[in-house]
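Remarks on the structure that follows.
The values are calculated or read from the model by the stated rules, or taken from the named source; none is laboratory data. Bear in mind the structure is a predicted one, so any value in this text is a computation, not a measurement. For neighbour counting, all protein chains shown are included, and Cβ atoms are generated from backbone atoms with ideal geometry for every residue, glycine included. Ligands, DNA and RNA are excluded from the accessible area calculation, which covers all protein heavy atoms including side chains. Shrake-Rupley method; radii C 1.70, N 1.55, O 1.52, S 1.80 Å.
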Amino acid sequence: MSEQEAYLEQYTSELQPLLLQLAQQEGFLRGPLLETADLDELWPALAQPYMASAVPDFEQYPLVSLGWMTFVGMAMAVLWDEDWQRYQPLGSALYTQLRDARGWDELDEYVLEDVLGMLRGSEEAKRYTDLVRRLAEQALTHLRHENAEPSSPMAFQLYARTLFGLYRIGVALGLARLGYKLTQANKLGGGVCSPKVKVTI
């Protein structure tokens, strides 16, 4: 592993617990991060089209540029639970369909209302919107602390790692809302990766 790779890995390993801790403190998650290898593997297909949408917004609207990825992660958890064999082959189109349903600016509302089924203006929707804002603020603080030169390759790598952390916390939020929790891995063939599997909802 090169020095740069080691630095990026350390950055990621420091960011993820910060995001998880915030979600735990607010009562949205319990224990270790809920995750599935299927959705981790989907990340490269989502990242490229997402960044094409998000990077132009980063200077003026950094919390949108970062935070919308958390909503994408939540949406992917719903699709994974619903019928992953059907949705997995769509790859990057899973993101573009989310974005194009109402447009980039309303991606958050589309996910909350049409994908997650929350009522517009409901207390639940407000709670998740506030959490995502705070997660994005936490991630932005962590990103800016690195003082990477703007528009440099390192700044781009750090931005991508930050998005991945927010995506993974979004997946965890989506899985938790669906009733997933930690249990023994060998009770499920595939699915939520070791040691996480679905239990009775």
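Across the stretch 61-74, which residue is nearest to LEU39 (Cα to Cα) among those that are open to solvent by less than 40 Å² (accessible area, probe 1.4 Å) and of a type in the set (Ser, Thr, Tyr)?
Among residues in the stretch 61-74 that are open to solvent by less than 40 Å² (accessible area, probe 1.4 Å) and of a type in the set (Ser, Thr, Tyr), the one nearest to LEU39 (Cα to Cα) is THR70.
Does the stretch 54-65 include one or more residues that are part of a helix (DSSP H, G or I), hydroxyl-bearing (Ser, Thr, Tyr) and either out of contact with any Phe, Trp or Tyr (no Cβ under 8 Å at 6 or more places or on another chain) or without any contact (Cβ under 8 Å) to a residue 24 or more places away in the chain (or both)?
Filtering the stretch 54-65 for residues part of a helix (DSSP H, G or I) gives 54-57, 62-65.
Checking the rest, the ones that are also hydroxyl-bearing (Ser, Thr, Tyr) come to 65.
Subsequent filtering for residues that are either out of contact with any Phe, Trp or Tyr (no Cβ under 8 Å at 6 or more places or on another chain) or without any contact (Cβ under 8 Å) to a residue 24 or more places away in the chain (or both) retains 65.
Checking the stretch 54-65: at least one residue is part of a helix (DSSP H, G or I), hydroxyl-bearing (Ser, Thr, Tyr) and either out of contact with any Phe, Trp or Tyr (no Cβ under 8 Å at 6 or more places or on another chain) or without any contact (Cβ under 8 Å) to a residue 24 or more places away in the chain (or both).
Conditions (1) in contact with a strand residue (DSSP E or B) (Cβ under 7 Å, 6 or more places away or on another chain); (2) within 21 Å of SER151 (Cβ to Cβ); (3) among the β-branched types (Val, Ile, Thr); (4) exposed (fewer than 14 other Cβ atoms within 10 Å of the Cβ), marked per residue:
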residue: LEU18; (1), (2), (3), (4): no, no, no, no
residue: GLN21; (1), (2), (3), (4): no, no, no, yes
residue: PHE28; (1), (2), (3), (4): no, no, no, no
residue: ASP38; (1), (2), (3), (4): no, no, no, no
residue: PRO56; (1), (2), (3), (4): no, yes, no, yes
residue: GLU59; (1), (2), (3), (4): no, yes, no, yes
residue: ALA77; (1), (2), (3), (4): no, no, no, no
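It is to be established whether one or more residues within the stretch 145-153 are open to solvent by less than 40 Å² (accessible area, probe 1.4 Å) and free of Cβ contacts under 8 Å to residues at least 60 places away in the same chain.
yes
Of everything in the stretch 1-15 that's free of Cβ contacts under 8 Å to residues at least 60 places away in the same chain and not acidic (Asp, Glu), which residue is most open to solvent (accessible area, probe 1.4 Å)?
If we filter the stretch 1-15 for residues that are free of Cβ contacts under 8 Å to residues at least 60 places away in the same chain, which is where we start, we get 1-3, 5-7, 9-10, 13.
From the residues that got through so far, the ones that are not acidic (Asp, Glu) too are 1-2, 6-7, 10, 13.
Working: MET1: 169, SER2: 54, ALA6: 44, TYR7: 76, GLN10: 101, SER13: 72 Å².
Checked the stretch 1-15; the qualifying residue most open to solvent (accessible area, probe 1.4 Å) is MET1.
Taking the stretch 48-82 as the search range and keeping residues that are over 23 Å from ARG133 (Cβ atoms) and among the acidic types (Asp, Glu), which one is farthest from the chain's Cα centre (by Cα)?
GLU82
So which residues in the stretch 10-38 are touching a Gly at 6+ places or on another chain (Cβ under 9 Å) and modelled with pLDDT under 90, if there are any at all?
Listed by number, the list is empty, since nothing qualifies.
In the stretch 100-109, what residues are open to solvent by 60 Å² or more (accessible area, probe 1.4 Å) and not acidic (Asp, Glu)?
Applying the first criterion (open to solvent by 60 Å² or more (accessible area, probe 1.4 Å)) to the stretch 100-109 yields 100, 102, 105-106, 109.
Within the stretch 100-109, ARG102 is the sole residue that qualifies.
With respect to ALA45, is the statement that it is open to solvent by 60 Å² or more (accessible area, probe 1.4 Å), farther than 20 Å from TYR128 by Cβ, at pLDDT 95 or above and over 12 Å from the mean Cα position of the chain (by Cα) true? Lay out the reasoning, then the answer.
Values: open to solvent by 60 Å² or more (accessible area, probe 1.4 Å): no; farther than 20 Å from TYR128 by Cβ: yes; at pLDDT 95 or above: yes; over 12 Å from the mean Cα position of the chain (by Cα): yes.
In short, no.
Let me confirm something: among TYR7, TYR50, which residue is at pLDDT below 95, in a helix (DSSP H, G or I) and closer than 19 Å to ALA139 by Cα? Steps first, please.
Working: TYR50 fails: at pLDDT below 95.
Answer to the selection: TYR7.
Do we have any residue at all in the stretch 79-98 that's closer than 26 Å to THR141 by Cβ, in a helix (DSSP H, G or I), open to solvent by 20 Å² or more (accessible area, probe 1.4 Å) and at pLDDT 95 or above?
Pass one, the stretch 79-98, residues closer than 26 Å to THR141 by Cβ: 95.
Next, only the ones that are in a helix (DSSP H, G or I) stay: 95.
Then drop every residue that is not open to solvent by 20 Å² or more (accessible area, probe 1.4 Å), which leaves none.
No, the stretch 79-98 has no match at all.
Each row is one residue, and each column tells you yes or no for (1) at pLDDT 90 or above; (2) over 12 Å from the mean Cα position of the chain (by Cα).
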residue	(1), (2)
ARG127	yes, yes
ALA136	yes, no
HIS145	yes, yes
PRO153	yes, yes
ALA172	yes, no
VAL192	no, yes
LYS196	no, yes
VAL199	no, yes
